[in-house]
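The values are calculated or read from the model by the stated rules, or taken from the named source; none is laboratory data. On a predicted model such as this, the values are computed, not experimentally measured, just so you know. Neighbour counts are summed over all protein chains in view; Cβ atoms, including those assigned to glycine, are modelled from backbone coordinates with ideal geometry. Accessible surface areas use protein heavy atoms only, side chains included; no ligands, DNA or RNA. Shrake-Rupley method; radii C 1.70, N 1.55, O 1.52, S 1.80 Å.
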Amino acid sequence: MAQAPLQPARGTHDLIGAEFRRHHLVIETARRVATLYGFEEWATPIFEDTRVFARGLGDTSDVVSKEMYSFEDRGGESVTLRPENTAGVCRALVSNGLTQSNLPRKVFYAGPMFRYERPQKGRYRQFHQIGIEVLGAAEPLADAEVIACGWHIQQELGIEDGTVLEINTLGDAASRDAYRAALIAYFTAHRDALSEDSRARLEKNPLRIVDSKDPQDRALVVAAPTIHDHLTPEAAEFYAAVKRHLEAFGVPFRENPRIVRGLDYYSHTAFEFVTDRLGAQGTVMGGGRYNGLVEEMGGPPTPSVGWAAGVERLALLVEAGDLTPPAPRPVAVIPVGEKAEAVAINLLQSLREHGVVAEIAYKGNMKRRMERANKINAGAAVILGEDELAEGMAVVKNLDAGSQERVALPDLLRALAETGAVESAAQAMLNSILEEELGEDGFDDLDAPEDEGRT
Ligand code: ATP
Ligand code: MG
């Protein structure tokens with residue numbers, strides 16, 4: 001009985017071809033830019049003790065209350081596939097005894113996250129995030145720099161035209177207490193008009209209602225009081241300083257008093273980069289300041305700020321902007337006859353050592369191997385026929401133009417570069433080799449076979 005082909009689990013997806021290249025571009029760009037800002041990369045475990053994410057009874061966020069992949073392992077421990085990485089990074093700071101030394105710590109991470117959600121475009125059950133955290137900095141300059149780094153990454157990706165930075169403050173504890181009371185009064189007066197979810201949040205965490213995506217709540221939320229009437233002077237000054245610094249960094253923003261963020265641990269700065277290009281999945285990067293999280297992991301008070309961004313959503317913006325990186329175009333090395341194979345292998349390795357993508361078909365006559373070269377979108381082919389090799393020559397074929405040229409082995413690299421068909425990195429590498437290393441000598445580490453036919 002034939003087995004029906006297996007599919008990926010609901011809400012998961014494979015990254016193949018152009019999709020993988022976009023994904024890789026997003027992560028590599030973020031890694032490079034974060035390094036420029038002084039961030040070091042950490043990798044924390046993909047599953048953690050459930051208590052790392054579900055802390056006490058206070059957490060009313062959707063992520064913790066509805067979306068976690070938690071299970072008992074065979075030893076009876078409750079573990080959870082991480083839904084986000086801020087908690088894991090804070091846990092790691094404490095577990096590794098890093099809470100007192102070298103603060104602030106600036107951490108970058110990238111990796112898979114897991115949330116039990118209804119899958120749709122830009123929303124998956126296994127998705128990926130990049131993120132940064134500045135741990136142990138209470139100053140508003142840290143908030144602004146963290147945001148500037150996120151902005152810089154989007155600029156380097158070429159997608160910053162498609163997103164808008166929206167910022168808000170959640171104030172300090174005193175501001176929030178006053179705001180909370182105002183929200184409870186307001187929403188209680190309109191209790192019947194609230195969605196069921198929001199009614200449940202009313203006493204536990206009315207701030208959450210402001211974040212509600214339920215259309216039923218929208219009108220009420222738009223008219224709800226904002227935190228700005230309840231900020232303490234200190235909280236107002238902190239917010240003003242963040243905005244001043246953002247201007248100094250040259251990061252454009254718009255204030256949106258309705259940004260409160262999906263997780264419960266934020267205070268002061270909250271922000272999102274939003275886009276109208278991804279339908280309902282409008283937030284690509286979100287973050288803010290969290291001053292209590294490290295303490296909740298058993299560490300000392302450690303004021304911190306950071307963001308996380310969805311790699312899939314950034315990659316969709318890269319795709320929409322026609323910015324998908326091309327696949328590298330290899331040079332196909334084609335030996336004709338058995339004796340030429342050793343030379344072909346030698347040439348392959350020389351090309352690879354020089355940073356040129358090079359491939360050899362494992363079998364087949366010249367025609368088959370040319371077909372294979374076309375299949376892998378080779379830009380050029382080097383044909384090593386025994387007769388030519390005997391004369392220290394090879395044929396370089398430009399597969400785009402269809403032209404070909406007989407060249408002496410030492411001139412191979414130069415001839416390949418001149419085809420112009422060896423793209424991007426390989427081409428740049430070739431050019432620099434030609435200029436800096438080869439000089440007049442050409443490709444001189446490549447010998448023709450020791451063949452008695454050679455005179
Ligand atoms: P949303 O409102 O879209 O559910 P969120 O507020 O739950 O987002 P965060 O917890 O702030 O998201 O995570 C930061 C980023 O991670 C989001 O802005 C988004 O780009 C991405 N993200 C979150 N959940 C998913 C998911 N299920 N699939 C793909 N990306 C996601
Ligand atoms: Mg969510």
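Under a model in which nothing but the beta-carbon of Lys, Arg (+1) and Asp, Glu (-1) is charged, the chain shows a dipole of about 2160 debye around its Cα centre.
On the beta carbon distance between Asp177 and Arg32, with R0 = 45 Å, the FRET formula returns roughly 0.60. All C-alpha pair distances within the chain, sorted into 10 Å bins from zero, spread as 4, 17, 22, 19, 13, 11, 8, 4, 1, 0, 0 percent across the bins.
Looking at segment 362-393, which trypsin sites (Lys or Arg not before Pro) are in a loop (DSSP not H, G, I, E or B) and have at most 12 other Cβ atoms within 10 Å? In loop regions of segment 362-393 (DSSP not H, G, I, E or B), the sparsely surrounded trypsin sites (Lys or Arg not before Pro) are Lys363. Helical content alone sets the calculated 222 nm signal of the chain at -11000 deg cm²/dmol, taking -39,500 (n - 2.57) per DSSP H segment of four or more residues and averaging over every residue.
For segment 298-342, the gyration tensor built on C-alpha atoms gives an oblate shape. Its axis ratio a/c (a ≥ b ≥ c) is at least 1.5, and a/b is not larger than b/c. A simple spin-label model places pseudo-atoms 7 Å from Cα toward Cβ; at Glu234 and Ala280 they are separated by 4.1 nm. In terms of overall dimensions, segment 121-162 has a Cα radius of gyration and Dmax of 13.4, 37 angstrom. Applying 1/(1 + (r/R0)^6) with r as the Cβ-Cβ distance of Glu196 and Ser95 and R0 = 35 angstrom yields a FRET efficiency of 0.35.
For Lys367, which lysines qualify as cross-link partners when the Cα separation must be under 17 Å and same-chain residues fewer than eight apart are set aside? The qualifying lysines are Lys375, Lys397.
Taking θ as phi - 60° and the Karplus parameters 6.51, -1.76 and 1.60, the scalar couplings of segment 107-116 work out to 10, 10, 9, 8, x, x, 10, 9, 9, 7 Hz in sequence order, x denoting glycine and proline.
Packing, taken as the mean count of other beta carbons within 10 Å per residue, orders the peptides 36-48, 136-148, 320-332 from highest to lowest as 136-148, 320-332, 36-48. Computed over every Cα-Cα pair of segment 1-149 and binned at 10 Å starting from 0, the pair-distance distribution P(r) comes out as 9, 31, 36, 19, 4, 1, 0 percent. Evaluating kT/(6 pi eta Rh) at 4 °C and 1.567 mPa s, with the Kirkwood radius of segment 267-334 over Cα pairs in the Stokes-Einstein relation, gives 85 µm² s⁻¹. Remark: the Glu203-Ser65 segment gains 48.1 nm on full extension, using 0.36 nm per residue and subtracting the alpha carbon distance.
Overall dimensions of segment 178-309, expressed as equivalent-ellipsoid semi-axes from the Cα gyration tensor (√(5λ), whole Å, largest first), are 25, 19, 16. Using a Cα-Cα cut-off of under 17 Å, which lysines could be cross-linked to Lys339, ignoring same-chain neighbours fewer than 8 residues away? Within the straight-line limit of under 17 Å, Lys339 reaches these lysines: Lys363. Remark: segment 242-365 projects, on average over all directions, an area of 14.9 nm² (convex hull of Cα atoms).
Rolling a 1.4 Å probe over the protein chains gives Glu296 an accessible area of about 100 Å². Shown here for segment 69-101: GluC sites (Glu not before Pro) in loop regions (DSSP other than H, G, I, E, B) with at most 13 other Cβ atoms within 10 Å, namely Glu77. Taking a straight line from the alpha carbon of Lys121, these lysines sit under 27 Å away, with near neighbours fewer than eight places off in the same chain left out: Lys66, Lys213.
In the assembled protein chains, Asp387 presents an accessible area of approximately 120 Å² (probe radius 1.4 Å). Spacing of the modelled spin labels on Asp73 and Glu41, each 7 Å from Cα toward Cβ, amounts to 2.5 nm.
Among the protein heavy atoms, those of Leu98 account for about 40 Å² of accessible surface (1.4 Å probe, every chain in place). For Gln349 paired with Gln155, estimate the spin-label separation in nm (one decimal), with each label point 7 Å from Cα along the Cα-to-Cβ line. Taking the simple label geometry, Gln349 and Gln155 are separated by 4.5 nm. Using only the C-alpha atoms, the convex hull of segment 149-197 corresponds to 138 Å³ per residue.
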